[in-house]
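Working notes, beginning with the structure itself.
The values are calculated or read from the model by the stated rules, or taken from the named source; none is laboratory data. Please read these numbers as outputs of a predicted model, since none were measured by experiment. Every residue, glycine as well, gets a Cβ built from its backbone with ideal geometry; the counts of neighbours run over all protein chains shown.
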């Protein structure tokens with residue numbers, strides 16, 4: 001699924017070709033909003049909020065798209081051949097000199113700009129990790145109050161109501177960088193650890209807003225290949241300690257988590273957790289869940 005950094009880059013790529021130009025034609029593959037409502041309007045802005053891309057028109061309307069697992073935005077010159085089948089296009093916007101196509105997006109919504117604070121999916125979002133005005137205190141408070149009590153930190157980092165923008169790749173990378181066991185309950189982690197996790201999440205999202213290839217290893221010298229620490233590297237040696245990286249699918253909305261059993265042991269590097277029998281049982285159980293693989 002495209003994460004917040006991808007959406008920021010997408011908006012930056014579309015903005016010069018759409019903003020200030022009139023929509024000469026538009027079409028939507030049902031189900032979706034009425035495309036005729038934006039024909040003849042001028043695009044005023046292309047912005048993001050978490051994993052949502054927002055296009056604002058001078059008519060007072062705003063279009064929201066969420067790309068889900070497989071969606072993407074493409075820009076073409078008029079008459080240029082598309083890189084995906086036209087049948088996969090959910091939305092097509094034509095302006096002088098450019099065609100913007102949203103492929104495979106499961107979620108499109110058109111609403112009045114003044115109603116944006118009341119659009120449920122936007123109103124419920126936590127602070128946007130990619131935004132210039134990111135509120136780390138608000139994000140920390142939401143993370144500390146994550147429910148239910150048994151919610152693992154891996155699941156909490158994916159909750160867009162806590163912080164908006166981080167997805168499955170960043171989740172695994174954040175936890176590895178801060179040496180936190182993915183399967184401990186949020187309530188078992190001390191405040192210092194939560195502060196570090198929020199800071200790392202913010203740093204990684206911001207660092208990847210303008211890169212063409214997502215990386216989380218920074219200036220670290222790693223072997224050629226993936227520029228990530230653990231994601232997609234199950235069965236390969238940890239780049240810190242050499243232990244084989246493990247992965248497992250778990251959570252309320254099953255997602256695959258990658259981690260190093262040594263670097264991310266519950267008490268590694270001063271991470272203070274309440275390793276109660278229940279927490280330990282949950283952690284071990286998660287690691288044994290069917291779906292674990294030795295290859296990424």
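Some observations on this one:
- Set 44, 62: member being free of Cβ contacts under 8 Å to residues at least 60 places away in the same chain, in contact with a strand residue (DSSP E or B) (Cβ under 6 Å, 6 or more places away or on another chain), surrounded by fewer than 21 Cβ atoms within 10 Å (Cβ to Cβ) and assigned to a strand (DSSP E or B): 44
- Considering segment 144-167, and only residues there that are under 15 Å from the mean Cα position of the chain (by Cα) and not in a loop (DSSP other than H, G, I, E, B), the residue that is surrounded by the fewest Cβ atoms within 10 Å (Cβ to Cβ) turns out to be 158.
Quick grid of which residues meet (1) surrounded by 17 or more Cβ atoms within 10 Å (Cβ to Cβ); (2) in a loop (DSSP other than H, G, I, E, B); (3) touching a helix residue (DSSP H, G or I) at 6+ places or on another chain (Cβ under 9 Å):
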{"residue": "174", "(1), (2), (3)": "yes, no, yes"}
{"residue": "181", "(1), (2), (3)": "yes, yes, yes"}
{"residue": "202", "(1), (2), (3)": "yes, no, yes"}
{"residue": "213", "(1), (2), (3)": "no, yes, no"}
{"residue": "239", "(1), (2), (3)": "yes, yes, no"}
{"residue": "258", "(1), (2), (3)": "yes, no, yes"}
{"residue": "262", "(1), (2), (3)": "no, yes, yes"}
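- Residues of segment 65-78 satisfying the condition of being out of contact with any helix residue (DSSP H, G or I) (no Cβ under 8 Å at 6 or more places or on another chain) and buried (at least 17 other Cβ atoms within 10 Å of the Cβ): 65, 71, 74
- Test for residue 247: is it surrounded by fewer than 17 Cβ atoms within 10 Å (Cβ to Cβ) and either assigned to a helix (DSSP H, G or I) or modelled with pLDDT of 95 or more (or both): no
- Selection status of residue 141, in contact with a strand residue (DSSP E or B) (Cβ under 6 Å, 6 or more places away or on another chain), assigned by TED's automatic domain parsing to the domain that holds residue 234, part of a helix (DSSP H, G or I) and on the phi < 0 side of the Ramachandran plot: no
- Failed criterion for residue 31 (all others in (1) touching a helix residue (DSSP H, G or I) at 6+ places or on another chain (Cβ under 9 Å); (2) surrounded by fewer than 18 Cβ atoms within 10 Å (Cβ to Cβ); (3) under 25 Å from residue 160 (Cβ atoms) hold): (1)
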